[in-house]
Structures are given as structure tokens and as C-alpha cells.
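Asker: Mind having a look at this structure? Questions to follow.
Read-outs: derived from the displayed coordinates by stated rules, not from any lab. Everything numeric in this text was worked out from a predicted model, so none of it was measured. Here the Cβ positions follow ideal geometry from the backbone for every residue, glycine too, while neighbour counts run over all protein chains shown.
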Amino acid sequence: MNIAPRYLGRGSWLSRRDPRLLLVSLALFVFTVIQVWDLRILAGLVIIAALYYRSAGIPFRAVRIQWAYVLFFVSFVVIVNTLLTGGELRGLAEDELHIYFRLPLIGTPISAESVTYAIVQYLRFLSMAAVGLPIAYAIAPGDIGPAFARLGVPYKFAYGMELTFRFVPSLAGDLQTTIDAQRVRGYEWEKRGRTPIGKLTRTIPMVTPVTINAIVGAEDTIDAMDLRGFGTQPRTWLRQLAFDRTDRVVLAGFVLLLAVVTVLSFTGRTELWIPDLLVELAG
Amino acid sequence: MSTTYMESNRTDGTWDVTTRVIVYAAIGAALYGVLAFFSFVIPGTANVSVRPAFALVTFFGFAFGPIVGFFTGFVGNAIADQISGWGLLTSWNWSLANGFAGLLAGLFGVWLARTIPNRLLLAAVAAALAVVIGFLFVFTDIWLGTADDVSVAFTANYLPVITTNLIAAVILTPILVAAWDPLRDSMGR
């Protein structure tokens, strides 16, 4: 099990940006995208997200599992929403829909509106994932603490964030060791029960020792930090961060994007838009 | 006798942000992110990945206080999402819901301590209440567009997640407390 942070985007255009830019850009982009249901505007946002992701230089081969997970999860969200809403999408009543057919048994209408809604959901999540993924792979692991601290997060919590990212690989190693040790004893956690409780209880022999060992082992870290005077006064960071002109331009672009979409949203111009082609297919 | 900062930094106040709080919070969040690999999807639900490791959120909140619980839930869920590829902030409201559950587990652990003297039972009750109340925040999915209306948010998001998280939290939190308490006493914490 290797889930150590991989700096896959090292040397790329995005990795040379101030790490705060990646964090702020994602927040701005998420708040932009969640306001948009109009496929035409969303297409523009998807292009921006794709260009942004491309600038991180992350090899697809290295993250294809992550993308497969995203696609699976988004499909899940879209299908369940389509099935459970029973055709009532974004305030549209059933008699307003252009229906193709109804699903057997549950009778949910599949319409031009529901297909558009599904496409919009896909694009919204995929674009957010594209802008979010570079945070994991295009920020140098050592820059995480200073980035959060310079964003105004209290320095203790910023250091906590950095500690979290540092603990992940070692705890993953401990987990693998525990799994191997249990396997040597003949315990196969993969043979999970069928019920949720059965599945849960199969993980107890892994979860409990890894957790308790991690807590007991944390004493060394606590003592080391206390001995170095952690918490006595605000911490300074060796790594100095500074926005350059390019960073400012990119940041201004995302701010502008959010402002424009917010105005469009307040004036009702980001609502669900159904392409004529899909309406015509309904006959 | 004057008290040095280092001594005052080791107090047990609920809202004190000490070195111990920061390290336990980081350990909790990292563990949640790592152990989230033990996850399985409940068929028929949207946006709900069931993680037995969720019990760490309520355990860390209960054992080490509301700040540790909030950090473990909020940052741990975000990191688990990031590691899986979903993205650090894509489901930020779910991360916050996890954080609130951890925070409430810590608060209920303190508030109900006199009412429920049995510590393991207290852990289970605090965890259960924290899950039921903390995850009400996932109804923000309606505003974010992930769920189209209240019935979808309730049926596809809230109900499955509290059901499965309740199972994980009510069973695992007391087990972890039972494993940790003797060690804590022997370490003099």
C-alpha cells in the first residue's frame, strides 16, 4: 500500500505557482460551478478546468485509478438522482418534460430534461475534480503548512495540516504491516461479511491496533514539539511564499469568473438549459 | 509559584489548543484518510462511501475533545477524498458534516458524563447523537445541486450515511475507548 503524496506535477507550470493559488482557485472554482446549470456556460467552465488540469502536467497513467473512482462515483450520483427524483428536475413539473420513455417498474420518465441534467451533473463534478486533483500532485509536500498559514489559518492548525500529510505515508506503512501480521496469523480481512456489520467487524483487528499504536507513538512527536517550544509564540516558516505577476493574473481570472457567474445566477441566466436537439428527439 | 507557559500549555481544557491537541488531531485525520481504504458502497445510495474508519472521528472527538474530533472529521474526510481522486474540496460540505460529528462527539462526551457513568455506554451514546445531529449538514447538498430536493437528500444521502455511520460508530467507538483507556491511565494522561 503506497499512498505517499506523489509530486507528479513537479516542474510543471502549475507547480511553479504559489501553492496558495491552487487552494484559493479551487475554492473559487467550486463556488462558481455550483451556481451553474446552463450547459453552455458549463462547457466554458469545463474547458477552463481542462486547461488548468493540463498545466499541472500530471501523467494520466499515474492517476487513472483516481479518475476511474471519480467516474464511478459521479455515475452513481447521477443515476440515483435521476431515479429518485422521479423526473421532477430543477423545479420542472412532469407535464413540462419532453419524455423519451419511462423506466420499467419504477416509471421514472427519461426526458430531454433528465438527460441534460445528468450531463450537467457529470460536467460539474468532473470539472471540480480536474481543478482539485492538482492540489495533491502539483504542490510540493513541504509547502502545505506554509500555504495554509499564509492563507490565514492559525499557525497551529496549519502545522497540524502539514503533520497530517506527513503522517499519512508512515501510518499507511503501519497499516500494511498490521495487515501482513494478521495474514500471517491466518486472518484474511478481504473475506468480508455480507452484511454491513459483518464487513465492519472484519476490519476491527486492523483498525484497533493501528489506531492505538499511532496514539501511543504520538507521544514522541508531542515531546519533541514541546521541547522545541511549539506553541510558545507564532511559528515562522523557512519557506517564503510570494505571489508573482502570473499568480495574480490567474487569481484575478478566477475571481472574475466567480463574479460574472454570480451576477448571471442572480439574474436567472444559469438555470437548466435544454438543447433543441434533445427536445426534438422526444418528437 | 508561577506557572510556565509549557505547563499551562498542557492543561486539559476542552477548547485549549495544545501541542497534544494538534498532534492527536493530525494523527486522527491521517488515520481516517488511510483507513478509509476499508470502504464499501451501499447499493442504492448517492455520494455515500461507507467507511468503518468513520468511528475514528467519534473516537478521537470523545477521547481527546471536540477540537480534535472536528479536525479529524473535517481534514480526514477531505484527505480521504483527495487520496481517492474525488478532490480535497469537491464534497466540502460532507467534510464539514464529518467535522461536526467529531466535534459533537467530544461535547456530548463531556455533557453526558454525569448522566451516563458507564464510559463505554457513554461513548456509544455520544457517538450516536453526534452522527445523527452532525450529518444534518449534508442537507446542504440541496443547495449545492448534488441532491435535487429534500426527499433525495434524505433518502439517498442522510439516511444511508447515518445508518452506516451509526453502525460503525456505535460498535467501534466503545471498542477503541476500551482499548485506549487502560493505556491512557498507565501513561498518566
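Asker: Only Cα pairs under 8 Å and at least 6 apart count here; give the relative contact order of region A:119-269 as a rounded whole percent.
Answerer: It comes to 22 percent, rounded to a whole number.
Asker: I want to check the label-to-label distance for residue A:94 and residue B:186. Put each point 7 Å from Cα in the C-beta direction and report it in nm to one decimal.
Answerer: The answer from the label model is 6.4 nm.
Asker: Residue A:204 to residue A:232: extension gain in nm, 0.36 nm per residue of separation minus the Cα-Cα distance? Please report the intermediate quantities before stating the final value.
Answerer: Numbers: separation 28, 0.36 × 28 = 10.08 nm, distance 3.88 nm.
Length gained, residue A:204 through residue A:232: 6.2 nm.
Asker: Helix-only estimate, please: 222 nm mean residue ellipticity of chain A, summing -39500 (n - 2.57) across DSSP H runs of length 4 or more and dividing by its residues, to the nearest 500.
Answerer: Working: 9 runs with 179 residues, N = 283.
Result for chain A: -22000 deg cm²/dmol, rounded to the nearest 500.
Asker: Could you give the distance between the Cα centres of region B:61-104 and region A:247-283, to the whole Å?
Answerer: If we compute the Cα centre of each part, the gap is 30 Å.
Asker: Among B:115, B:140, B:90, whose mean-square fluctuation peaks in a Gaussian network model of chain B (Cα, cutoff 10 Å)?
Answerer: B:115
Asker: Efficiency by 1/(1 + (r/R0)^6): what FRET value for residue B:113 and residue A:27, r their Cβ-Cβ distance, R0 = 30 Å, to the nearest 0.05?
Answerer: Working: r = 38 Å, r/R0 = 1.27.
So, using R0 = 30 Å, E works out to roughly 0.20.
Asker: Between residue A:79 and residue B:178, how many nm apart are label points set 7 Å from Cα along the C-beta direction?
Answerer: Spacing of the two 7 Å Cα→Cβ label points: 3.9 nm.
Asker: Further, regarding this structure: Quick one: length gained pulling residue A:224 to residue A:34 fully straight, 0.36 nm per residue minus the C-alpha distance? Intermediate results must be reported in sequence, preceding the final value.
Answerer: On the way: separation 190, 0.36 × 190 = 68.40 nm, distance 4.37 nm.
Answer, rounded to one decimal: 64.0 nm.
Asker: Fewest Cβ neighbours within 10 Å first, please rank B:186, B:84, A:114 accordingly. Display every interim value, and only then the final one.
Answerer: Numbers: B:186 8, B:84 19, A:114 26.
Placing the least packed residue first, the sequence is B:186, B:84, A:114.
Asker: Moving on. Quick one: net charge of residue A:65's neighbours, Cβ under 15 Å, K/R +1, D/E -1?
Answerer: Numbers: positive: A:6, A:61, A:64; negative: B:81.
Within the 15 Å Cβ shell, the charges total +2.
Asker: Using just the helices of chain B, give the 222 nm mean residue ellipticity in deg cm²/dmol: DSSP H runs with n ≥ 4 each add -39,500 (n - 2.57), and the total is spread over all residues, rounded to 500. Please list the in-between numbers first.
Answerer: Working: 8 runs with 119 residues, N = 189.
Theoretical 222 nm ellipticity from helices: -20500 deg cm²/dmol.
Asker: Could you please report the charge total around residue B:95, scoring K, R as +1 and D, E as -1 over all other residues with beta-carbon less than 15 angstrom from its beta-carbon? Kindly include the intermediate steps, with their values, before the conclusion.
Answerer: On the way: positive: B:51; negative: B:81, B:141.
So the surrounding residues net to -1.
Asker: Along the Cα-to-Cβ line of residue A:282, 7 Å from the Cα, sits a label point; which residues in region A:38-58 have backbone N less than 18 Å from it?
Answerer: A:38-40
Asker: Follow-up question, since we're still on this one. Report the relative contact order of chain A, percent, no decimals, based on alpha-carbon pairs under 8 angstrom and at least 6 residues apart.
Answerer: Numbers: 276 pairs, mean separation 98.8, N = 283.
Relative contact order for chain A comes out at 35 percent.
Asker: Counting other beta carbons within 10 Å of each Cβ, put B:129, B:159 in order, fewest first.
Answerer: On the way: B:129 20, B:159 14.
The fewest-first ordering by Cβ neighbours comes to B:159, B:129.
Asker: Kindly put A:148, B:74 in sequence by how many other C-beta atoms sit within 10 Å of each C-beta, fewest to most. It would help to have the intermediate numbers written out before the result.
Answerer: Working: A:148 21, B:74 25.
Result, fewest neighbours first: A:148, B:74.
Asker: A further question on this structure: What's the center-to-center distance, using Cα atoms, between region A:91-110 and region A:25-87 in Å?
Answerer: 25
Asker: To continue, here is another question. Test of understanding: what is the full-extension gain from residue A:187 to residue A:244, defined as 0.36 nm times their sequence separation minus their Cα-Cα distance?
Answerer: Values: separation 57, 0.36 × 57 = 20.52 nm, distance 5.47 nm.
The residue A:187-residue A:244 span can extend by a further 15.1 nm.
Asker: If you consider only alpha-carbon coordinates, what radius of gyration and Dmax does chain A have, in Å?
Answerer: 23.8, 76
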